Amino acid sequence: MDNVAPSARGVSRIRSAVFINLLNTAHGNEATANRSSLSVDVLHISIHRVPEMPISTKTAKMLWGKSAARCSMPDCRKLLVVDETETDDPALIGEMAHMVAESVDGPRGVSSLTPEERDLYGNLLLLCRNHHRQVDEQPGHWTVERLESLKAGHEGWVGSNPSYDAQKVRDDIIYAGYVDEWAKLCHMHRWREWSSFVLSSGQPGLEKSVRDDLTIVVSWTVKRIWPRRYPELESALQNFAVVARDFIGKFNEHCENSRVDEDELITKKFYQIDEWNEERYHRLFDRYEFHVDLVEDLMLELTRAANHVCDEIRNNLFHSFGLKEGRLSVMSGPHSDMSWRESVVQYSQAEKAGSSPYPGLQAFLTARADRDMNFGNGSEPA
């Protein structure tokens, strides 16, 4: 499988009917019966490569905000954010230390706390790297009780400072909670896996849980009470919701339950007719190809919208959000050369300059031709 990141427009890949014929030629008729499981095997190669974020964005923002981004040691209280330069964003040099260790083998690790509880705000404190190392290498002196007292004293000191902006901290915690929920609903940490099912073999498929959660994110976004502190982030989340609405709406038009997996949906080949009529068959096949191209282009647009949200989270809320994992990508294929391609798609600066990068479904029919990657263009054939 070739993994490349093309800057491609009008990308072509083998339609499922042709793909199955190639498989039949190479492997006999058994390929037809097993084609869905083959696709799943290919697409699930990277299922465990992107780890879940252990400490939530809300927890991290709460800890950094209530600690004023300073080391909690009273004789240190070093600022743990290095200012931005002309070429780089601000850098975070602090560390979120566990009072009870992440595992039972770590410092102060013997505890009744569950793995999830160990990553919650109440078990964390902010330290510089030197003091983090000190408390972990001297667990007999730095007990859980002493660290809890240290954290409470530091946050009390921060709260008494006249320059401390408690309202900003509260707003940031609200935003961070929204970000965590958004990332969960769009299955962000499995993005490449589930989106690749949409872009495989010219017959878009989707897990039912993903379809349902993307449906939820549309109404969830509309009902948010925004603090109005970061309008660019709010606008990016709203743009994502509009794309999600149109993507799910179009996918639902011609989907049916998968015959292979009851938890999956697959695009129905509605050009397959009971009574042969050549004119009707070709007309329906042209409509099917248009539908598939549009669903796949909307999947690309959803990925651009998600990357745009992540950029605004980093710009406004949490500079290190997703830095370890990198940008969201998609896998598509098989293409005409039988390769599978990994692509990162993003909005251009010009596309982000308007009030909303996504112009709405009707305008997108032609606008998609100017995106960094697309499969189709134009309106539905008659």
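The values are calculated or read from the model by the stated rules, or taken from the named source; none is laboratory data. Just so you know, these numbers come straight off a predicted model, no measurement behind them. Positions of Cβ are backbone-derived with ideal geometry, glycine not excepted, and every protein chain shown enters the neighbour counts. Surface accessibility is based on the protein's heavy atoms, side chains included, excluding ligands, DNA and RNA. Shrake-Rupley method; radii C 1.70, N 1.55, O 1.52, S 1.80 Å.
Restricting attention to region 318-352, the residues being hydrophobic (A, V, I, L, M, F, W, C) and not in a loop (DSSP other than H, G, I, E, B) number 3. Within region 302-317, is even one residue touching a strand residue (DSSP E or B) at 6+ places or on another chain (Cβ under 7 Å) and assigned to a loop (DSSP other than H, G, I, E, B)? No - not one qualifying residue is present in region 302-317.
Restricting region 89-130 to residues that are part of a helix (DSSP H, G or I) and open to solvent by 30 Å² or more (accessible area, probe 1.4 Å) leaves a set whose member that is farthest from Met73 (Cα to Cα) is Glu117.
Of all residues in region 153-205, those satisfying the criterion of being free of Cβ contacts under 8 Å to residues at least 60 places away in the same chain, not polar (S, T, N, Q) and not in a helix (DSSP H, G or I) are Pro162, Asp165, His187. Yes or no: Ser219 closer than 18 Å to Gln346 by Cα and either buried (at least 22 other Cβ atoms within 10 Å of the Cβ) or out of contact with any Gly (no Cβ under 8 Å at 6 or more places or on another chain) (or both)? No, not satisfied.
Looking only at region 353-378, which residues are farther than 26 Å from Phe285 by Cα and modelled with pLDDT of 95 or more? Correct list: Pro357, Tyr358, Pro359, Asp372. Checking each residue in region 180-216 for being of a type in the set (Val, Ile, Thr) and open to solvent by 20 Å² or more (accessible area, probe 1.4 Å) picks out Thr215, Ile216. With respect to the stated conditions, Pro381 fails to be at pLDDT 95 or above and assigned to a loop (DSSP other than H, G, I, E, B).
Picking from residues in region 306-361 that are basic (Lys, Arg) and farther than 16 Å from Leu233 by Cβ, the one that is surrounded by the most Cβ atoms within 10 Å (Cβ to Cβ) is Arg341. Taking the conditions (1) in a loop (DSSP other than H, G, I, E, B); (2) in contact (Cβ under 8 Å) with a residue 40 or more places away in the chain; (3) farther than 30 Å from Leu92 by Cα in turn, Glu296 satisfies each one other than (1). Figure legend. Inter-residue proximity from region 260-271: first residues of a type in the set (D, E, K, R) and open to solvent by less than 90 Å² (accessible area, probe 1.4 Å), second residues at pLDDT 95 or above and in a strand (DSSP E or B), beta-carbon distance below 6 Å, spacing 6+ or different chains. Indicated pairs: Glu264/Gly205; Glu264/Glu207.
Identify the residue in region 140-152 that is in contact (Cβ under 8 Å) with a residue 12 or more places away in the chain and part of a helix (DSSP H, G or I) and, among all such residues, is most open to solvent (accessible area, probe 1.4 Å). Among them, the one singled out is Glu148.
Cβ separations smaller than 8 Å between residues 6+ apart or across chains give the following pairs from region 208-237 residues that are under 12 Å from Tyr178 (Cα atoms) to residues that are modelled with pLDDT under 95 and in a loop (DSSP other than H, G, I, E, B): Leu233/Leu317. Only one of the listed residues (Trp157, Trp194, Trp182, Trp142) is farther than 18 Å from Trp64 by Cβ, over 27 Å from the mean Cα position of the chain (by Cα) and among the aromatic types (Phe, Trp, Tyr). That residue is Trp142. Annotation note: of Tyr178, Tyr164, the sole residue that is at pLDDT below 95 and aromatic (Phe, Trp, Tyr) is Tyr164. Screening region 228-259 for residues that are open to solvent by less than 40 Å² (accessible area, probe 1.4 Å), in contact with a Gly (Cβ under 9 Å, 6 or more places away or on another chain) and not in a loop (DSSP other than H, G, I, E, B) and picking the one that is farthest from Ala367 (Cα to Cα) gives Cys255.
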